[in-house]
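Let me begin by presenting the structure, written as structure tokens, before commenting on it.
Read-outs throughout are calculated quantities, based only on the coordinates presented, and are distinct from any laboratory measurement. Model, not experiment: these values are computed from the prediction. Please note: Cβ atoms are built from the backbone with ideal geometry, for glycine as well, and neighbour counts cover all protein chains shown.
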Amino acid sequence: MSHLTRRQFVKAAAAGLSLVPAIPRWSSAIGAETPAGFAGTDVVSLGKTGIKVSRLAQGTGYNGYNHTSEHTRRGKASFDRLLRHSIDQGLTFLDMADLYGSHTFVQDVIKDLPRDKFALLSKLWPRKESWVTPSGGAKAELDRYRKELATDHLDVCLIHCMQNDHWTDEYKRIRDELSELKDQGVVRAVGVSCHDFGALKLASEHPWVDVIFARINHKGGKEYACDAAVEELAPVLKAARANGKAVVGMKIFGAGKLTKPDEKDASLRYVFTNGLVDAITVGMLTPEEVDDTLQRMGQVRAA
């Protein structure tokens, strides 16, 4: 049975046929964990949230700023081709943010596909910038995000880019409103993306946090877009997972600094075989980069 294309997927849904996709050659059975390997299309649980995602998320925010990213700056045709290819390969975890301006780009691609086949994650920028004036909470933002994505709920919403170890107090109103929206089913899980080691340590322990985006690769340190040395990061990420938090690794390839094949392989092997993450997000820009990342993840094996 060949892998369903997006068009076949839509036609099958319209005809009421089974929507269980065929399994790509590198993937385990849908809904099954594969302890021996870490394929990007494996379906894994995000901590204790009950949310199922592909182990690899398609990022949409490479060099994101001012409501744009390299993904959106390349234009709609390029974005559509990329995301449709990722979906065709089995990626169901879509990583967005208001900062990237990627909501409407994603919505145009998935609008004809069943909503329950995707985990939609976005991030709320909490600080005033030239491109955004935050409400101070989360309700107005989540209303807008849902309209931009044409959905009644987000699976995950993170407070974007935590930069200190007192973000819980600094953004208490945002946290309170996200908690209320979570109770209402508007968002299924909440958390933070961290750009500071103190922020990460706090998130690893705080009961409010369901999901953490953490910067991690085998090199570590600020030179490779991490918040600390790997020797410091690893125990914190392991503790976060032990505390029931879902950890999604970002900057796996050092924000574009780890480009050699052996560097990419070493980073993927490090983050997965050491049990540091549940999933990863990579800002792949082309279908060829998607295929390359999937192929490399398919070669990682547990010790």
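Key figures
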| read-out | value |
| --- | --- |
| Residue 111 paired with residue 172, simple spin-label distance in nm, labels 7 Å along Cα-to-beta-carbon | 4.2 |
| Gyration tensor verdict on the range 75-230 (Cα atoms; rounded if a/c is under 1.5, prolate if a/b is larger than b/c, oblate otherwise) | oblate |
| Measure of compaction for the range 118-170 (Cα Rg per 2.2 N^0.38 Å) | 1.20 |
| Extended-chain gain in nm, criterion 0.36 nm per residue less alpha-carbon gap, residue 84 and residue 232 | 49.5 nm |
| Net length gained if the chain between residue 127 and residue 288 were fully extended (0.36 nm per residue, minus Cα distance) | 54.4 nm |
| The chain - share of DSSP beta bridges that are antiparallel (%, nearest 5) | 15 |
| Pair-distance profile P(r), taking every C-alpha pair of the range 207-252, with 10 angstrom steps and integer % | 31, 52, 17, 0 |
| Largest-first principal axis extents, alpha carbons of the range 147-260, Å | 43, 29, 25 |
| Calculated FRET value between residue 299 and residue 257, using beta carbons and R₀ = 30 Å, to 0.05 | 0.90 |
| Reduced Cα scattering model of the chain, Debye log10 I(q)/I(0), q = 0.15 Å⁻¹ | -1.22 |
| For the range 56-165: rounded, prolate or oblate by the Cα gyration tensor [a/c cutoff 1.5] | prolate |
| Computed [θ] at 222 nm, deg cm²/dmol, the chain (DSSP H ≥ 4; -39,500 (n - 2.57); rounded to nearest 500) | -10500 deg cm²/dmol |
| Of 182/238; 219/251; 48/264; 111/147; 222/257; 52/76, pairs whose Cα-Cα distance is over 19 Å | 182/238; 48/264; 52/76 |
